[in-house]
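Every read-out reported here was derived from the displayed coordinates using simple, explicitly stated rules and does not represent laboratory data. Owing to the predicted nature of the structure, the values given are computational and were not obtained by experimental measurement. Backbone-built Cβ (ideal geometry, glycine too); neighbour counts: all protein chains shown.
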Amino acid sequence: MNFKTDIDYRKQSLRKLLTVVESNEKKIIRALYDDFKKPAFESILSETGFVLSELQHTLKNIERWAKPKKVLPSLLNFPSSDTIYKEPYGKVLIIAPWNYPFQLALCPLIAAVAAGNQVVVKPSELTPHTSKMIAQIIAETFDREHVTCVEGGAEKATELLAQPWDYLFFTGSVAVGKIVAKAAATHLTPVTLELGGKNPCIIDQSADLTLAAKRIVWGKFFNAGQTCIAPDYLLVHQNIKSDLIHLIKKEIVKAYGENQEVSPDFARIINAKNWKRQVSLLQDQTILFGGKNSETDFFIAPTLIDEPKLDSLLMQEEIFGPILPVLSYQNEEDIRKVISRYAKPLAFYVFSNNEKFAKKTMASYEFGGGCWNDTMIHFANKRLPFGGVGQSGMGAYHGRLGFDTFSHQKAVVRKANWLDIPIRYAPYQGKEKFLKKILNWLS
Ligand code: NAD
């Protein structure tokens with residue numbers, strides 16, 4: 001076994017992973033349900049189906065991605081041939097969060113294995129059923145020297161981070177991201193940080209409101225709002241605010257019924273701590289819709305909040321739950337005042353049929369990725385980089401970018417011996433004019 005150099009071995013491992021995930025799909029979906037009542041449809045779309053599709057895509061392309069790439073040599077080096085070799089970093093640690101616990105552990109794993117690394121995966125302790133499934137799948141698929149799963153919480157992660165690694169890949173909160181970045185700095189380890197933020201969703205007067213309402217409800221309440229790229233708050237033009245709110249309420253009822261607590265399509269908050277935090281965000285707010293909650297199974301209904309104060313708790317931190325603040329604006333300056341209060345978000349959404357407004361707004365702000373006239377779907381395209389900027393993260397992955405993330409690009413010049421142009425060698429006296437001429441000619 002040589003996963004470092006043997007592409008066939010890597011392919012074999014990934015093919016096995018595909019078989020093991022496929023044959024355990026029902027159990028994985030069950031584990032996700034047991035962890036936070038994640039609906040089966042959402043689990044297929046965003047967890048097992050997503051992972052299987054990433055696996056198939058990787059298997060189809062791995063040879064092409066791994067091939068050494070010849071590049072045009074510099075004339076300064078004439079005669080030579082230049083090549084970039086994609087080499088694995090070595091020992092990789094992947095730390096995953098709980099909100100898409102299967103996908104966010106497995107997708108980086110697929111990329112790291114495809115690139116030839118030795119991997120340790122630490123899933124989230126907050127989704128114990130899924131964590132156990134991940135450990136089982138990894139044990140059944142891989143050789144222990146190649147990939148292992150280490151279960152546990154913050155203490156286990158701290159222990160792992162104290163060891164030297166060749167690459168760190170972390171998905172989770174900004175606060176823990178900073179801890180991971182510090183650990184990476186100790187050993188000067190390259191690191192990818194996939195973090196979160198407060199994602200704005202702007203709806204201007206020209207938007208198709210019916211479609212906007214449907215797509216906002218889907219993006220916000222999928223996974224009960226516990227999605228790093230869910231719209232965090234709405235910024236809606238004041239002239240269409242009441243129409244939009246009416247349509248959003250209608251869409252919520254259409255999707256989850258009058259009593260969302262009995263809907264099989266609506267997940268739960270992950271644990272008591274997060275449930276309490278979400279409920280506390282509702283205090284002193286004007287509830288336009290929803291607000292119902294129950295501690296028994298950590299339910300919080302899809303909830304709309306009217307014009308929260310910007311200094312309220314709700315508007316200070318990433319919500320990460322099914323609470324949607326609705327703020328209105330009159331002009332672009334109002335939009336700027338709100339968005340510029342926060343660090344660069346992971347996602348950004350604009351609903352508009354006014355091309356000039358949409359393009360200008362998307363170009364005016366920095367964010368990881370986003371959509372014009374939809375929410376969240378940029379995540380699904382393997383040809384788009386997925387990652388944040390500034391506080392929402394560094395680095396990106398998915399598809400080929402995932403392979404590249406876990407590969408060191410080694411540059412090698414092969415110099416020919418049949419000619420040895422003497423100008424570069426000392427003594428330099430009398431050569432400067434000629435050197436300038438050459439540099440001028442080459443530029
Ligand atoms: P978290 O940061 O609390 O935990 C993530 C992982 O870090 C877990 O495996 C946890 O065990 C570990 N961890 C916790 N404390 C640690 C410590 N002190 N030292 C080292 N490791 C520690 O995040 P979470 O609550 O699981 O996930 C929610 C957050 O993740 C949200 O902020 C969300 O926006 C973000 N997120 C980002 C993405 C993305 O792709 N950018 C995806 C999902 C979630």
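Looking at the stretch 232-336, which trypsin sites (Lys or Arg not before Pro) are DSSP coil and have at most 15 other C-beta atoms within 10 Å of their C-beta?
Details: sites: K241, K249, K250, K254, R268, K273, K276, R277, K292, K309, R336; in loops: R268, K292, K309.
Filter output for the stretch 232-336: K292, K309.
Quick one: plug the Kirkwood hydrodynamic radius of the stretch 200-380 (C-alpha pairs) into Stokes-Einstein at 20 °C, 1.002 mPa s, and report D in µm²/s. Intermediate results must be reported in sequence, preceding the final value.
Details: Rh = 16.3 Å.
Rounded to a whole number, D works out at 132 µm²/s.
Could you sort out which of K276/K359; K37/K250; K86/K382; K27/K382; K220/K276; K86/K436 sit more than 29 Å apart by Cα distance in this structure? Walk me through the intermediate numbers first.
Numbers: K276/K359 39 Å; K37/K250 24 Å; K86/K382 20 Å; K27/K382 26 Å; K220/K276 19 Å; K86/K436 35 Å.
Long pairs (Cα-Cα over 29 Å): K276/K359; K86/K436.
Among DSSP bridges having both ends in the chain, what percentage is antiparallel? Round to the nearest 5. Working shown, then result.
Values: 20 of 55 bridges.
If I count the DSSP bridges inside the chain, around 35 percent turn out antiparallel.
Calculate the length of the line joining the C-alpha centroid of the stretch 213-290 to that of the stretch 310-360, in whole Å.
16 Å
Could you work out the local net charge near G153, counting Lys and Arg as +1, Asp and Glu as -1, over the other residues with Cβ closer than 12 Å to its Cβ?
Numbers: positive: K122, K156; negative: E125, E151, E155, E159.
That sum, taken over residues with Cβ under 12 Å, equals -2.
So if I take the centroid of the Cα atoms in the stretch 113-139 and the same for the stretch 1-61, what is the distance between those two points in Å?
Taking the Cα centre of the stretch 1-61 as reference, the centre of the stretch 113-139 is 11 Å away.
Using Cα pairs under 8 angstrom and six or more residues apart, how large is the relative contact order of the stretch 141-289, in percent?
Details: 124 pairs, mean separation 26.2, N = 149.
Over the stretch 141-289, the number comes to 18 percent.
Return a whole-number percent for the relative contact order of the stretch 200-380, with Cα pairs under 8 Å and 6 or more residues apart as the contact set.
Working: 308 pairs, mean separation 54.2, N = 181.
After rounding, I find 30 percent.
May I ask you to derive the relative contact order of the chain, considering only C-alpha pairs under 8 Å and at least 6 residues apart, and to give it as an integer percent?
Numbers: 841 pairs, mean separation 81.1, N = 443.
It comes to 18 percent, rounded to a whole number.
Cα axis of helix 103-114 to longest principal axis of the chain: angle in degrees, 0 to 90, nearest 10?
10 degrees
Over all alpha-carbon pairs of the chain, lay out the pair-distance distribution in 20 Å bins, whole %, shortest bin first.
24, 48, 22, 6, 0
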